[in-house]
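Q: Submitted below is the structure of interest, expressed as structure tokens.
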Amino acid sequence: MKNKPKLIIVVGPHGVGKTYLTDYIRNNLECCNLYRLSGQPDKTKEGLSKSISMYEALFSYIENMANMNMTLLFDSFFMTEEAMSNMKDKDYSFHEAYKKFIDKLNSLPYDIYYLNLYLENTDLFQERLTSRLHHAYYAMNKDNSIKLQTIYQNISDELKKQEHIKVFDIPMDSFEDAYREIKRVLGIED
């Protein structure tokens with residue numbers, strides 16, 4: 001039986017280390033395409049339809065790539081839209097669309113890995129965020145990252161109930177420890 005291609009989704013709050021980890025995965029998995037998503041900056045009610053359209057187009061692309069034998073690696077995905085709407089950062093709720101996209105994700109012909117990144121020592125957020133470029137449409141700070149971390153953990157806990165999604169909570173306090181765990185989870189060989 002032919003192995004399914006991998007679809008890897010990496011999420012976590014600002015400053016947790018998504019860029020480091022996704023770069024590591026991209027550089028260590030053969031035939032791996034990395035996609036960095038920033039989400040929809042329109043926070044008005046019209047932003048909801050824009051976000052839905054964007055993710056529907058991405059799902060269409062993902063479905064079309066299923067026979068290419070490529071690993072698709074997403075630095076953020078529609079879960080981030082759900083997390084941001086839970087932060088009350090937008091004038092709309094993404095929850096109904098989120099539930100439909102979960103069903104769509106479950107039906108994809110991929111081995112799906114969901115990597116939820118977090119910091120055990122939340123003081124590290126302050127240090128890591130000081131060197132980051134900030135988006136004009138979202139305030140990045142330690143308090144917001146801690147709130148987002150809690151929301152992402154709740155999403156991760158819910159996704160663990162899904163049949164076709166392998167969920168892993170990865171502490172990012174030490175990049176070296178995280179890399180070792182990622183090698184184990186994804187079967188990356190030395």
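Q: To the nearest 20 debye, what is the magnitude of the charge dipole of the range 1-151 about its Cα centre, counting +1 on the Cβ of each Lys and Arg and -1 on the Cβ of each Asp and Glu?
A: My answer is approximately 100 debye.
Q: Tell me which of F125, M84, M68 sits at the most positive position along the dipole axis of the range 59-190, charges placed on C-beta atoms (Lys, Arg +1; Asp, Glu -1).
A: Farthest along the dipole direction, towards plus: M84.
Q: Report the gain in length on full extension from T19 to Q162: 0.36 nm times residue separation, minus Cα-Cα distance, nm rounded to one decimal. Kindly include the intermediate steps, with their values, before the conclusion.
A: Details: separation 143, 0.36 × 143 = 51.48 nm, distance 2.62 nm.
In short, 48.9 nm is gained.
Q: If packing is taken as the average count of other Cβ atoms within 10 Å, what order do 56-64, 146-154 fall into, highest mean first? Display every interim value, and only then the final one.
A: Details: 56-64: 13.6, 146-154: 17.9.
So the peptides 56-64, 146-154, ranked by packing, come out 146-154, 56-64.
Q: Then there's this: So how far apart, in nm, are the two label points at D143 and D91 if each is 7 Å from Cα heading toward Cβ?
A: 2.4
Q: Sum up the charges of everything whose Cβ sits under 11 Å from the Cβ of N28, counting Lys and Arg as +1 and Asp and Glu as -1, but leave N28 out. Show your work: numbers first, answer last.
A: On the way: positive: R26, K183; negative: D23, E30, E189, D190.
Summing Lys/Arg as +1 and Asp/Glu as -1 gives -2.
Q: How much length is gained if the chain between K4 and R36 is pulled fully straight, taking 0.36 nm per residue apart and subtracting their Cα-Cα distance, in nm to one decimal? Show your work: numbers first, answer last.
A: Working: separation 32, 0.36 × 32 = 11.52 nm, distance 2.24 nm.
Residue separation times 0.36 nm, minus the Cα-Cα distance, leaves 9.3 nm.
Q: Something else about it: State whether the range 15-84 is rounded, prolate or oblate according to the following rule on the C-alpha gyration tensor (a ≥ b ≥ c being the square roots of its eigenvalues): a/c under 1.5 gives rounded; otherwise a/b larger than b/c gives prolate, and the remaining case gives oblate.
A: Details: a/c = 3.77, a/b = 1.41, b/c = 2.68.
Taking the square roots of the gyration eigenvalues as a ≥ b ≥ c, the range 15-84 is oblate.
Q: Label 7 Å along Cα→Cβ of M54; the range 89-115 residues with amide nitrogen under 20 Å?
A: So the set is 89-105, 115.
Q: Just the number, please: carbon plus sulfur as a percent of the accessible area of the chain, 1.4 Å probe, no ligands or DNA/RNA counted.
A: Values: 4740 of 9870 Å².
Whole-percent figure for carbon plus sulfur exposure: 48.
Q: Relative contact order of the range 1-144: what whole-number percent is it, with Cα pairs under 8 angstrom and at least 6 residues apart?
A: Here the relative contact order equals 40 percent.
Q: For a test of the definition: using alpha carbon positions, the gyration tensor, and the 1.5 limit on a/c, classify the chain as rounded, prolate or oblate. The partial results should precede the final answer.
A: Values: a/c = 1.71, a/b = 1.10, b/c = 1.56.
Oblate, since a/c reaches 1.5 and b/c is not below a/b.
Q: If you don't mind, another one. Dipole magnitude of the range 68-122 about its Cα centre, charges +1 at Lys/Arg Cβ and -1 at Asp/Glu Cβ only, in debye to the nearest 20? Present the calculation step by step, with values, prior to reporting the outcome.
A: Values: 5 positive and 9 negative charges, 32 e Å.
Value, rounded to 20: 160 debye.
Q: Testing the spin-label approximation: label points 7 Å from Cα along Cα→Cβ at E176 and D103. State their distance in nm.
A: Rounded to a tenth, the inter-label distance reads 4.8 nm.
Q: Show that you can apply the helix-only estimate: for the chain, add -39,500 (n - 2.57) for every DSSP H stretch of four or more residues, divide by all residues, and state [θ] at 222 nm to the nearest 500.
A: On the way: 7 runs with 88 residues, N = 190.
-14500 deg cm²/dmol, from helical runs alone.
Q: Once a ≥ b ≥ c are taken as the square roots of the eigenvalues of the Cα gyration tensor of the range 46-135, is the result rounded (a/c under 1.5), prolate (a/b larger than b/c) or oblate (a/b not larger than b/c)? Let's see the in-between values first.
A: Details: a/c = 2.12, a/b = 1.35, b/c = 1.57.
Oblate, since a/c reaches 1.5 and b/c is not below a/b.
The values are calculated or read from the model by the stated rules, or taken from the named source; none is laboratory data. Note that this is a predicted model, so its numbers are computed, not measured. In this analysis, Cβ positions are derived from the backbone assuming ideal geometry, glycine residues included, and neighbour counts consider all displayed protein chains. Heads up: the accessible areas ignore ligands, DNA and RNA and are worked out on the full protein's heavy atoms, side chains in. Shrake-Rupley method; radii C 1.70, N 1.55, O 1.52, S 1.80 Å.
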